[in-house]
Each structure stands twice: as structure tokens, then as C-alpha cells.
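Shown next, in C-alpha cells, is the structure this report addresses.
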Amino acid sequence: MSLLLIANPGSASRKYALVDDKLKEVAALHIEQSGSELIATLRTGGDTRQVPLGFADISQSAAHLYGIFNREHLLESPSDVRAIGLRIVAPSNYFLKDRLVDDDVVQHIRDILPLDPIHVSGTLQELEALRSSLPTVPVALISDSAFHARKPSYAWNYGINLQDADRFEIKRFGYHGLSVSSAVNELWNRGKLPPKVVVCHLGSGSSVSAVFHGRSIDNTMGYSALEGVIMATRTGSIDYTAAMALKTKLGLDDDQLEHYLDEKGGLLGLSGTSDIREIIDREANGDHIAHLALMTLIHSVHKAIGAMVVAMNGADLLVFTGTVGERSANLRRRIVAHLECLDFILDGNRNKSCLNPTEFTSISQAAVSKPIIVIPTDEGVEIARHTVKLLAS
């Protein structure tokens, strides 16, 4: 048996998969925090079940990964793993392409660690744990920005001195590229990829992308994954002066300010919880703060969609993906409600019944609306595809 081990660490969860040489999923493991405990869900074929964990800190997941798959008789020995594919979210020109890990690659990660410690440190910890438990297995670092690497030049820049921007690599790299490219590939394979597509990846981290003839034109995330729309715990875009005022008033140092913006903001900061299901329930029970949080989030997504539509001079198709985009009929309904001016109109029944789709699902009104599609993101297979290509090269 020769399998690829896929690692996709997110902001609030860890996703792992075993994929065969034909890029078919053999097993998938999803580990997430639920209150004070970790919940691990294993999917094999058509069977999904919870499996026990021998640890309580989600950052330890990678170190125990081989043991879990071995206990579940999915891996009999380390030699069953042909290679590891690991997603990397990192601001730098160097990681605008996929990299096969060696000492030079590891040093590059360490070099950029101070520039975005919250996101890069998670990747470094995951990498070190995987290499420690499977030391002879090659590791491919798969760029989450690579899909955006062909953006037009004007979509890369902040309004800062260009020489400084080039010298220090202060650019709008963009992220969620693996999710967006997964959706684009699905549309292409079905012969349903029109010229102008808006992709809303909504989850713990969220972004909106403009895809023109299959190519990224822009993405709401920038130098780091903090920029853009409001997210579960991230503020999204914020005025620098407002951030400095927070730093002064709260007596924060630089690291504490970054932690505040990245892990204490967003829905959590607005409502007291980052769980959108809980916020929707609270709103239904008359909670004004929950309603305000949701409307603030929806407003930020509306503005982002508007920006992406104008960037392409129109939109032919709207895609929802990501955990929230795929599962929250409530949020989709309220986002699309303001898009009738763009000829996007929901079919209420289709939308309500699309709660945890496993395949490409249309939720638009036939013959009235431009297509609105929910596409379950398959970043694992996308990482596997990139890993195979990198190994072959």
C-alpha cells in the first residue's frame, strides 16, 4: 500500500486524510475543539464515527496522527506513507509556490516566523511533529497562495513605497487558494465554468475571490490571512490607527495586539462567541447583540462581493464553499438577499435543504437567476494533486 498523508491545519481545527495514488480518499480525520474537549471524527468510505484521542491539546494532533491511523488499521507501518502534503499559509514570495521540504525550506519558514507568528508557527509545529513521527517520509509544503500568484500587478500592491514593498515583500499575497482552485476545478470538470465567478469561502477563516476565466483576479485576504471580511475570531480589515488606539488603551505589546486582532476579534469580539450556529440561535431568541454581529458580518461580505464583481466588470456565477458557506442556509439567504441587483436569486427550498452537501448543489431559481452553486471544498484532494505533481517534478 502506498498512500499520501494530507495535513490541512486550520485556524480552529485539524484536517487529515489518507489518499491513494488515484487521488481517491481512503480515510479522513477531522479534529476540532468543542468546549473544553477535542472531538475527532473519522470517515472511511461511507462510515463516519468518532474516535478516541489520547491528548487534550489540538496542537498535539500531528504528533499522534500516525498512531491514530495505525490503531484504526489504516496504516500498518510508516512505509505505507509515500509522502506527506502539508498546507502552508505564509507571507512571502518564496512560498508562492509549492516546496519539497529540506533544510533550506525549513530555514525559510523560520526566517518569516517573526513576520506572521500566529499562522506560520502553526505550520512549523505541524511540520516538525510530522517529520519527527515519520522521519523518512518526504514532505511537500503546498502553498495556499499559489492560485493567486497570477493576479494582475495592480492587485498586489498596498499604497506604500514600491521599493520598500519589493525589498521587504510587503504584498497582498491572498489565501484560501486551495479551496478556490478546488471549486474552479469542479466547475471546469463539469463544463460549468463561466468567465466571471465570485467564490465566497466562509468558515472560521473567510474570504471572497474574483476568478476571471479560471484565473484569480483578487482575493480579500492580503499580506496575511487577517485582512478582508470579518471572520470567526479575526477582525478582518481594520484601520491601522484604530489598531494603534487599541494597543495604547489596552496596554498591549506588538504580539498581544496581533493576538487580539487574530483571536479575540470577529464574531467572537462582536458577540462573545465564534460559533455562528450559536449566534443564529441567540438571534432567533431576540438577542440584539447576536443580530448586530450577524448583520455586521453580512455587511462585510456584501462589500467584498461588490468589490470582486466590479473588479471583473460583472459576475456570471456565485459559489459558496467552506464550512459555513456549505452548511448555513441562514447566512446564504441573507447574503444573496442583497444581490438581486446582480440577478442572483435564491430558490428558498433548495437553499433550506442544502445543509451539509457532499456534492455540487444548485440553490438558485431556475430560469430566473444566474447560477448560485454550493461546492463542498476538497482542499485535501487539491493538496494531494499538488503533492503528486511536485514529487513528479
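No lab work stands behind these numbers, since they all come straight from the coordinates. Just so it is clear, the model here is predicted, and its values are computed rather than measured. Cβ coordinates were reconstructed from backbone atoms using ideal geometry, including for glycine residues, and neighbour counts include every protein chain displayed.
When DSSP beta bridges are limited to those with both residues in the stretch 191-379, what percentage is antiparallel, rounded to the nearest 5?
Numbers: 13 of 21 bridges.
For the stretch 191-379, the DSSP antiparallel bridge percentage is about 60.
Tally Lys and Arg at +1 and Asp and Glu at -1 over the other residues with C-beta under 14 Å from the C-beta of residue 214: what net charge comes out? It would help to have the intermediate numbers written out before the result.
Values: positive: 150, 151, 190, 192, 196, 215; negative: 186, 316.
Overall, the nearby charge balance is +4.
Just to confirm my numbers, what's the Cα centroid distance between the stretch 264-317 and the stretch 132-181 in Å?
Here the two parts' Cα centres lie 26 Å apart.
Report the FRET efficiency, 1/(1 + (r/R0)^6), for residue 273 and residue 153, where r is their Cβ-Cβ distance and R0 is 45 Å, rounded to 0.05. Each step should come with its number before you reach the end.
Working: r = 41 Å, r/R0 = 0.90.
Using R0 = 45 Å, I get an efficiency of 0.65.
Could you order the peptides 163-170, 193-200 from most to least packed, using the average number of other C-beta atoms within 10 Å per residue?
Values: 163-170: 12.5, 193-200: 21.9.
Taking the mean over residues of other Cβ atoms within 10 Å, the ranking is 193-200, 163-170.
Using a simple spin-label model with points 7 Å from Cα along the Cα→Cβ vector, what separation in nm is obtained for residue 215 and residue 264?
4.4
Starting from the Cα-Cα distance between residue 299 and residue 20, subtract it from 0.36 nm times their residue separation and give me the gain in nm to one decimal.
Values: separation 279, 0.36 × 279 = 100.44 nm, distance 4.19 nm.
Using 0.36 nm per residue and subtracting the Cα-Cα distance, I get 96.2 nm.
Using a simple charge model, +1 on the beta-carbon of Lys and Arg, -1 on the beta-carbon of Asp and Glu, nothing else, what dipole does the chain show about its Cα centre, in debye to the nearest 20? Numbers along the way, then the final one.
On the way: 38 positive and 46 negative charges, 227 e Å.
The calculation lands at about 1080 debye.
Please work out the FRET efficiency for the pair residue 288 and residue 349, using the Cβ-Cβ distance as r and a Förster radius of 30 Å; give the result to the nearest 0.05. Walk me through the intermediate numbers first.
On the way: r = 30 Å, r/R0 = 1.00.
The computed FRET efficiency comes out at 0.50.
Apply 1/(1 + (r/R0)^6) to the Cβ-Cβ distance of residue 240 and residue 368, taking R0 = 56 Å, and write down the FRET efficiency to the nearest 0.05. Intermediate values should be presented prior to the final figure.
On the way: r = 44 Å, r/R0 = 0.78.
With R0 = 56 Å, the Cβ-Cβ based efficiency is 0.80.
Candidates (1) 155; (2) 122; (3) 144; which is the computed volume of the Cα convex hull per residue in Å³?
(1)
Normalised by the number of residues in the chain, what is the relative contact order in percent for Cα pairs under 8 Å and 6+ residues apart?
On the way: 745 pairs, mean separation 56.2, N = 393.
Here the relative contact order equals 14 percent.
Taking a label point 7 Å from the Cα of residue 337 along the Cα→Cβ vector, which residues of the stretch 346-383 have an amide N closer than 13 Å to it?
346
Starting from the 7 Å offset along Cα-to-Cβ, what nm value, one decimal, do you get for the label separation of residue 57 and residue 161?
With each label point 7 Å from Cα toward Cβ, the separation is 4.2 nm.
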